[in-house]
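Every number here is computed from the coordinates shown, using simple stated rules; none is lab data. Because the structure is a prediction, the values reported are computed rather than measured. All Cβ positions, even for glycine, are placed from backbone atoms using ideal geometry, and neighbour counts span all protein chains on display.
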Amino acid sequence: MSDILVSEQSAPGTGGSGRPSGRLLEVDDLRVEFRTRDGVAKVINGVTYHVDAGETLAVLGESGSGKSVTAQTIMGILDTPPGFVTNGQVRFHGKDMLTMSSEERRRIRGEGIAMIFQDALSALNPVFTVGFQIAEQFRIRRGMGRAESKKRAIEMLDQVKIPNAKGRFSNYPHQFSGGMRQRAMIAMSLALDPEVLIADEPTTALDVTVQAQIMDLLAELQRERQMGMILITHDLGVVADVADRIAVMYAGRIVEEADVYDLYAKPAHPYTLGLIDSIPRLDEKGQQLRTIKGLPPNLMNIPPGCPFNPRCPMAQPVCREKLPPLLQVGTARASACHFAEELVNRV
Amino acid sequence: MSENIIEVRDLVKHYPVTQGVVFKKTVGQVKAVDGVSFGLRAGETLGVVGESGCGKSTLARVLMNLERPTAGSVVYKGQDISKLSGGALRRLRRQIQLVMQDPYTSLNPRMTVGDLLGEPFEIHPEVAPKGSRRAKVRELLDLVGLNPEHINRYPHQFSGGQRQRIGIARALALRPEVIVCDEPVSALDVSIQAQVMNLLEKLQGEFGLSYVFIAHDLSVVRHLSDRVAVMYLGKIVEIGTEDEIYERPTHPYTQALLSAVPVPDPTQRHNKTIIRLTGDVPSPISPPSGCRFRTRCWKAQDVCAEQVPLLEIRPSSDHPSACHFAEKREIVASHEAA
C-alpha cells in the first residue's frame, strides 16, 4: 500500500483535478454542505479516498463525521436539498459520476456500485415479498422473464445462506429475523454482480453472534467476486478483523489513512490514538479508560485551524491557526496532524 | 446470604399472547424471564449480558417493580419488592433507581433540566426541602460533569452523552443504594462512551453504589463488572466473577458469545478461533425443551432435550453453569499485561 492519495486541502470551488488513473472508484476532494434554516453545515470538507478491486477500505468515524454522507454522495442518493455537493469528483473507472446524466448514473447503481444499509427493516419494502424485490432487478435490468428471474433470486438467497431459500422467496420482510433480513439485503445488493460494494454499518443493529456470521459472509462473497468494498463503521473491533486499509474521518475530513496493521500499532493522529485508547477491551480488565475530552465540533461552526484542536492533548498554538493538510508520513501512510512525525517516531 | 442487598429468587415474567379483538383469548405466553435467581452484593457491579430478546431488559423492569413478576420474589433488605404497593413501594423506590438506554426518549422534551432533576424531590420532599431544591440540582449537575449554569436548558440543547449524564444525575438525585443501568452506553459514540463509563465508576466509588449493569457489549461489561451473569432465552446460563466468566467460561453459549466479539487488534486476526453458531435465537413463546441452547449447540446430546440443566457448580466448573457438559475452554487470549 505505497500509493495513498495525498490531497492538499484545496480551496472550495476549484474542482477536482480530474486526472485519470487506473482506480476502480475514487472520491476526489469532495465537499458537501447541508443548507438548513439554521445555517450551513459543512458536512464534508475535502475527502479523498479510493478503493481497488478485491480490497476492503474501512471508513471509520463517529456520528456526524461525514462517513455516511460520503457514501450517499457516491451512490447519488444524497437528499438535495438540504445537501449540496460544492466541489470534487466521484470517479468510477475514471469517469466522473457527479457530472454524468442521471440515466448513466442509474446504470452504474446496482451493476457498478451497490450499497447495503444499517437498518434492513427500513431498507426493504414491507409490502413486497423479499423474493420479488430481488427478482425485480433481473426482470428490469437483465430483461429476464418471471420464471427465470425467480430462479435467479432463489439462487441469490441460497448464496447468502438463507435456509430453505425456495420457501423463503415468498416471505415478507417482517417474517425474517434481523440477521436474515441483513442477508436478504446483501443478496439484493449483489444480484447484479457489482464491482464495488458499500456497506454502511452492516452489523451495527445485530447481536455479536449474528454479526460474526454476517461479516464472514461478506468477506467470503467479496473474495469470490473480487469486489472492492467500502466498509463504513464506528466499530474498531470489526475493522481490525476485515479491513485492508483504514481511513479515519473527523468533522468531514480524513485525518488519517493507513494500512490496518500500522494504524493499530502506531496511530499517526491524536484522534485515532484517543479512539483506540478509549475502547474497553475484552481481553483486558482495565482500570480507568482514557477518554477524549469534550465533544465533536458543531459542523456549522468548525473551529479554525485543526478541527480537532479543542479536544487534542497535544495542541499547540499552530494548531489553532493552521489547518494541517493530509500529508504522507513515512512511506505508506498519511496523517492530517502538524505533529504526525513526532507521533509515529515516538517509542 | 446476609451480605446480599438484593436477593432474586426464581423470578418469572410471562407476557400473554392474545388473539382476537372482542373475544380476546390467550394463545400462548412469551417467557421473557423464566426462572432467574441471583444476589446483588452491596457495593458491587453485577453485569448482565445476553443478546436481544434474552430477557435482560424485562429483568430490569421487574427489579424496579415497573412490571409485577408472574412468580418469584425480589427481596431488598428483607422486603419483597414485588408484593409492595402504594406508600411502601414509593418509599422503597428511593433506594433503587434506573438509568435508561435511550437518552433521546427518556427525558421529557418540554421540561428544563432543572425541572427534570427537581421532579424526584417533589415525589420525595423529605430528601430536600423546597427552598434548597435549586441548589441540589446544581450540585447534581456538577457531580455528573455538566455545567450548573445550564439548569434552564431543554434536553434538545444537549448532546447524547450529556443527556445520558442528565439521566444518571436523575437516578442519583435521591441518593439510592442500587442503580439498575439498562444499556446506558450503547447509544453513545466510542469517545463519549468511555467518558460515561468512567463517570459511573467514579460515582460508585464516591457513594458506595451497587449497580446492576445490563448490556449486550461484552467488553463494556467486563470493564465495569465484578461479577457477570450470562442470559439466554430468559434464563441465566452461567454466573461468576468477571475472571471466571471471561477467563474460564464453561457454558458453550458463553464461549460462543466471547469468541464472536471482535478484538480491536489486527494482529490477532488469525490467532483466534470463532465458534460459529448457526441459526437464530428460538422464539421465547415456545422455547426448546430441556436446555434452551441445545438447538444451536455443538455439544448437544439426547439428555439435553430431556433434562433442564440446573445452574449449579459442576465438577468441571468452579462457578455455577447450566450445562450438562460444562467444560473449561480458553477463549479470550489473555493479553500481556501492559
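One table, with the values for the structure above:
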item: Dipole magnitude of the protein assembly as shown about its Cα centre (Cβ charges: Lys, Arg +1; Asp, Glu -1), debye to nearest 20; result: 2040 debye
item: Estimated distance in nm for a label pair at B:K202 and B:T105, the labels positioned 7 Å out from Cα along Cα-to-Cβ; result: 3.0 nm
item: Positive minus negative residues near A:P313 (Lys, Arg vs Asp, Glu; Cβ under 10 Å); result: +3
item: For chain B, alpha-carbon Rg and Dmax in angstrom; result: 21.3, 68
item: Structure-based [θ]222 nm, chain A - -39500 (n - 2.57) summed over DSSP H runs of at least 4, per residue, nearest 500; result: -9500 deg cm²/dmol
item: Candidates per chymotrypsin sites (Phe, Trp or Tyr not before Pro) in the range B:1-103, loop by DSSP, up to 13 other Cβ within 10 Å; result: B:F23
item: Cβ-defined net charge surrounding B:E330, 14 Å radius [Lys, Arg +1; Asp, Glu -1]; result: -1
item: Integer Hz, Karplus 6.51/-1.76/1.60 couplings in order for the range B:83-99, x for Gly and Pro; result: 9, 7, 8, x, x, 5, 5, 4, 4, 6, 4, 4, 7, 10, 10, 10, 10
item: Approximate spin-label separation A:N301-A:L192, in nm, with each point projected 7 Å along Cα-to-Cβ; result: 4.4 nm
item: Partner chain coverage, peptide B:213-223 - average Cβ within 10 angstrom; result: 4
item: Estimated FRET transfer efficiency (A:E111, A:S170; beta-carbon r; R0 35 Å; 0.05); result: 0.85
item: Dipole of the protein assembly as shown, positive end: most advanced residue of B:V281, A:S122, A:M100 [Cβ charges, Cα centre]; result: A:S122
item: FRET E, pair B:T273, A:R146, Förster distance 60 Å, beta-carbon r, rounded to 0.05; result: 0.85
item: Share antiparallel - DSSP beta bridges, the protein assembly as shown, percent rounded to 5; result: 60 percent
item: Among B:A42, B:V30, A:Q182 the positive-end extreme of the charge dipole of the protein assembly as shown (Cβ point charges); result: B:V30
item: Cα gyration tensor, the range A:163-231 - rounded (a/c under 1.5), prolate or oblate; result: oblate
item: Approximate spin-label separation B:E312-A:D79, in nm, with each point projected 7 Å along Cα-to-Cβ; result: 5.8 nm
item: Rel. contact order, % - alpha carbon contacts under 8 angstrom, at least six apart, the range A:147-303; result: 13 percent
item: Residues of type aspartates and glutamates that A:K161 reaches as a straight line, Cα spacing below 16 Å, ignoring anything fewer than 8 places off in the same chain; result: A:D216, A:E220, A:E224, B:D280
item: Cα-centre dipole for the range A:121-191 with unit charges at Cβ (Lys and Arg positive, Asp and Glu negative), debye to 20; result: 120 debye
item: Neighbour net charge for B:R68 - beta-carbon separation under 12 angstrom, K R +1, D E -1; result: +1
item: Within straight-line cross-link reach of A:K95, aspartates and glutamates at Cα separation under 18 Å, skipping those fewer than 8 residues along the same chain; result: A:E26, A:D28, A:D29, A:D52, A:E103, A:E104, A:E111, A:E195
item: Cα-centred dipole magnitude for the range A:36-171, charges only on beta-carbon of K, R (+1) and D, E (-1), debye, nearest 20; result: 560 debye
item: Selection from B:F213, B:A305, B:L140, by position along the positive dipole direction of chain B (Cβ); result: B:L140
item: Extension gain, A:K266 back to A:D96 (0.36 nm per residue minus Cα-Cα distance, nm); result: 57.7 nm
item: Sum of -39500 (n - 2.57) over DSSP H runs of 4+, divided by residues of chain B (222 nm, nearest 500); result: -8000 deg cm²/dmol
item: Average beta carbon contacts from partner chains per residue of B:268-279, 10 Å cutoff; result: 3
item: Radius of gyration and Dmax over the Cα atoms of the protein assembly as shown, both given in Å; result: 26.6, 78
item: Relative contact order (%) - the range A:121-191, alpha-carbon pairs under 8 angstrom, separation at least six; result: 43 percent
item: Residues A:V51, B:V75, B:V185, sorted so that the one with the fewest Cβ neighbours within 10 Å comes first; result: B:V75, B:V185, A:V51
item: Loop-located GluC sites (Glu not before Pro) in the range B:1-80, at most 11 other Cβ atoms within 10 Å (DSSP); result: B:E3
